[in-house]
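*Asks:* Let me give you the structure first, and then I'll get to my questions.
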């Protein structure tokens, strides 16, 4: 699949940025621009997100192959990859699929594990989004009011509703492929598939208040990524890159530029 992307620079080592579920490359515009001062940054829209094509296939194996195809198409032999949440799992799967194509890996607030019932907030998000009758929504504020009973956090609602696109003919449609994302959610909760550990350098960055990376995940992280290290950003949750952007940027840039 030919993914939509935005290239921010051409100088320096290549760096691919992969967003999370319900996101797009737009969510990473600040970091993409900032990191482009040091790296050749490519921000990508994952399949069924942003301006990338829609497909009924939605799992980490096919998304990792999308990254491989992107790198081949753009003659990128080796790259750093930064992935958040779902994008972090794509990055991990890609590293396990094609380790020779990775320079360094940064995984933002996700672990290489199967997430179970504790991730139930996504069920409410899907229920809320699917309950929105786009044919009767008059405005974004109307959509926000209808989504509020399902999603308490106003910031999260605004993030989700950034996927609403106003039609020239009137009304709204979804930019994301909502039915496929909902149908594929069990696969998006899954762990990466590995035939062998990835032996390269990996930095996991955790939000202190987030439960996506837990002490119980340590053994599985080190089994698949034996050279992994962990940094925690205080007073942040799952959206650590948005809550403390300067701190997140500094941690990522320092790791990618660190001399071996």
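*Asks:* For the range 118-260, give the share of DSSP beta bridges that are antiparallel, in percent and rounded to the nearest 5; count only bridges with both residues there.
*Replies:* Bridges in the range 118-260 that DSSP calls antiparallel: roughly 35 percent.
*Asks:* Using Cα atoms only, what is the angle between the long axis of helix 121-131 and the major principal axis of the chain, expressed in degrees (0 to 90) to the nearest 10?
*Replies:* 40
*Asks:* Follow-up. Evaluate the distance, in nm, between pseudo-label points positioned 7 Å from the Cα of residue 219 and of residue 154 along their respective Cα→Cβ axes.
*Replies:* 4.5
*Asks:* Expressed in nm², what is the orientationally averaged projection area of the convex hull enclosing the Cα positions of the range 4-78?
*Replies:* Taking the Cα atoms of the range 4-78, their convex hull projects to 4.8 nm² on average.
*Asks:* Of all the C-alpha pairs in the range 92-237, what % are more than 21 Å from each other?
*Replies:* For the range 92-237, the share of Cα pairs beyond 21 Å comes to 56 percent.
*Asks:* Nearest-5 percent of antiparallel DSSP beta bridges in the chain?
*Replies:* So the antiparallel bridges amount to about 20 percent of the total.
*Asks:* For residue 11 and residue 191 in one chain, what is 0.36 nm times their gap in residues minus the Cα-Cα distance, to one decimal in nm?
*Replies:* Here the answer is 61.4 nm.
*Asks:* Quick one: give the max-minus-min coordinate of the C-alpha atoms of the chain along each principal axis, largest first, in Å.
*Replies:* Principal-axis extents of the Cα atoms in the chain, largest first: 57, 39, 35 Å.
*Asks:* Right, another one. Please report, largest first and rounded to whole Å, the three semi-axes of the ellipsoid equivalent to the range 118-183, where each semi-axis is the square root of five times an eigenvalue of the C-alpha gyration tensor.
*Replies:* Here the semi-axes work out to 20, 14, 10 Å.
*Asks:* Where both residues lie in the range 1-93, what percent of DSSP beta bridges are antiparallel, nearest 5?
*Replies:* Antiparallel bridges: around 25 percent, rounded to the nearest 5.
*Asks:* Quick one: angle between helix 245-257 and the longest Cα principal axis of the chain, in degrees between 0 and 90, rounded to 10, please.
*Replies:* 30
*Asks:* Another question, then. Just 66, 246, 13 to compare: in a GNM of the chain, with alpha carbon springs under 10 Å, which one fluctuates most?
*Replies:* 246
*Asks:* Shifting gears a bit: Using the Cα atoms of the range 194-243 to build a convex hull, what is its mean projected area in square nanometres?
*Replies:* 3.7
*Asks:* Give me the one-decimal nm value for the distance between modelled label points at residue 103 and residue 62, 7 Å along each residue's Cα-to-Cβ direction.
*Replies:* Taking the two extended label points, one gets 3.1 nm.
*Asks:* Additional query: To the nearest 500 deg cm²/dmol, what mean residue ellipticity at 222 nm is calculated for the chain from DSSP H runs of n ≥ 4 alone, each contributing -39,500 (n - 2.57), summed and divided by the residues?
*Replies:* -10000 deg cm²/dmol
Every number in this text was worked out from the coordinates using simple rules, so none of it is lab data. Bear in mind that the values here come from a model prediction, so they are computed numbers and not experimental data. Here the Cβ is made from the backbone with ideal geometry for all residues, glycine too, and neighbour counts use every protein chain on show.
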